[in-house]
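The values are calculated or read from the model by the stated rules, or taken from the named source; none is laboratory data. Remember, it's a predicted structure, so these values are computed and weren't measured experimentally. Note that each Cβ is placed from the backbone with ideal geometry, even for glycine, and that neighbours are counted across all protein chains shown.
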């Protein structure tokens with residue numbers, strides 16, 4: 001049966017017409033994997049031993065590497081990088097925003113409820129490597145780690161199953177973010193595992209919620225997408241006017257800001273175009 005004109009004449013990206021399959025039950029078990037790794041690590045090392053070992057081994061790589069991975073856990077940086085999705089895959093962008101919001105809120109509640117100390121609040125700061133200002137409180141879970149895992153998981157699970165395989169490599173970026181938080185002396189490994197679990201859960205929820213939104217809402221002319229474009233502009237502004245986490249991050253911030261700005265420009269061009277009728 002041919003597609004009705006009312007559906008075809010929406011100027012939507014082609015991938016918006018793909019059938020949206022429900023998430024498998026196995027996918028909802030994935031958040032347990034980081035917790036299982038946490039349990040295995042706890043049987044082999046004490047929290048202090050594992051932290052010091054990871055922190056020391058990480059110094060084999062230059063600080064710039066860890067600064068980059070650390071930024072991948074910052075929402076301003078991530079959503080500037082994700083701005084091309086405004087046109088390429090808007091449903092994925094909405095899924096990642098929902099995932100980040102859910103995970104961030106849950107992580108904050110847990111942080112304030114537990115009030116666990118960070119490594120610098122327990123250990124001698126001279127006994128391990130610290131990059132930037134020492135942090136001492138609100139350790140569990142790692143907010144950077146949960147943000148990275150939430151966004152990447154949302155993008156991964158918003159993609160059709162037969163096209164996901166290459167995207168699995170994105171999870172190595174999230175793992176790098178978790179390792180970076182230990183490398184800079186900001187978190188215990190347990191914080192990383194908990195953050196990964198919460199982030200994957202948020203990613204699944206974000207992908208699920210985004211699939212419930214009608215395709216018409218993802219048109220470039222739709223108010224939802226225009227609001228998100230304004231959000232991208234805000235991310236660009238923050239990245240070029242603020243110091244995020246570390247002084248050495250400024251070149252990465254400007255790179256992400258450039259990607260965000262160009263994406264908004266192309267989005268605006270697409271927005272003012274009239275839909276093509278067939």
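Considering 205, 213, the condition of being over 15 Å from residue 87 (Cβ atoms), outside any helix (DSSP H, G or I) and either within 17 Å of the chain's Cα centre (by Cα) or touching a residue at least 24 places away in the same chain (Cβ under 8 Å) (or both) is satisfied by 213 alone. For the range 109-145, a residue qualifies if it is exposed (fewer than 14 other Cβ atoms within 10 Å of the Cβ) and under 26 Å from residue 209 (Cα atoms), and exactly one does: 109. Regarding the range 16-26, can at least one residue be identified that is within 30 Å of residue 243 (Cβ to Cβ) and either modelled with pLDDT of 95 or more or touching a helix residue (DSSP H, G or I) at 6+ places or on another chain (Cβ under 8 Å) (or both)? Taking every residue of the range 16-26 in turn, none turns out to be within 30 Å of residue 243 (Cβ to Cβ) and either modelled with pLDDT of 95 or more or touching a helix residue (DSSP H, G or I) at 6+ places or on another chain (Cβ under 8 Å) (or both). Considering 12, 33, the condition of being in a loop (DSSP other than H, G, I, E, B), at pLDDT below 95 and surrounded by 13 or more Cβ atoms within 10 Å (Cβ to Cβ) is satisfied by 12 alone. Determine whether the range 231-244 contains at least one residue that is within 30 Å of residue 57 (Cβ to Cβ), under 17 Å from the mean Cα position of the chain (by Cα) and surrounded by fewer than 22 Cβ atoms within 10 Å (Cβ to Cβ). For the range 231-244, residues within 30 Å of residue 57 (Cβ to Cβ), under 17 Å from the mean Cα position of the chain (by Cα) and surrounded by fewer than 22 Cβ atoms within 10 Å (Cβ to Cβ): present. When 221, 253 are checked against the criterion of being touching a helix residue (DSSP H, G or I) at 6+ places or on another chain (Cβ under 9 Å), surrounded by fewer than 23 Cβ atoms within 10 Å (Cβ to Cβ) and farther than 24 Å from residue 139 by Cα, a single residue qualifies: 221.
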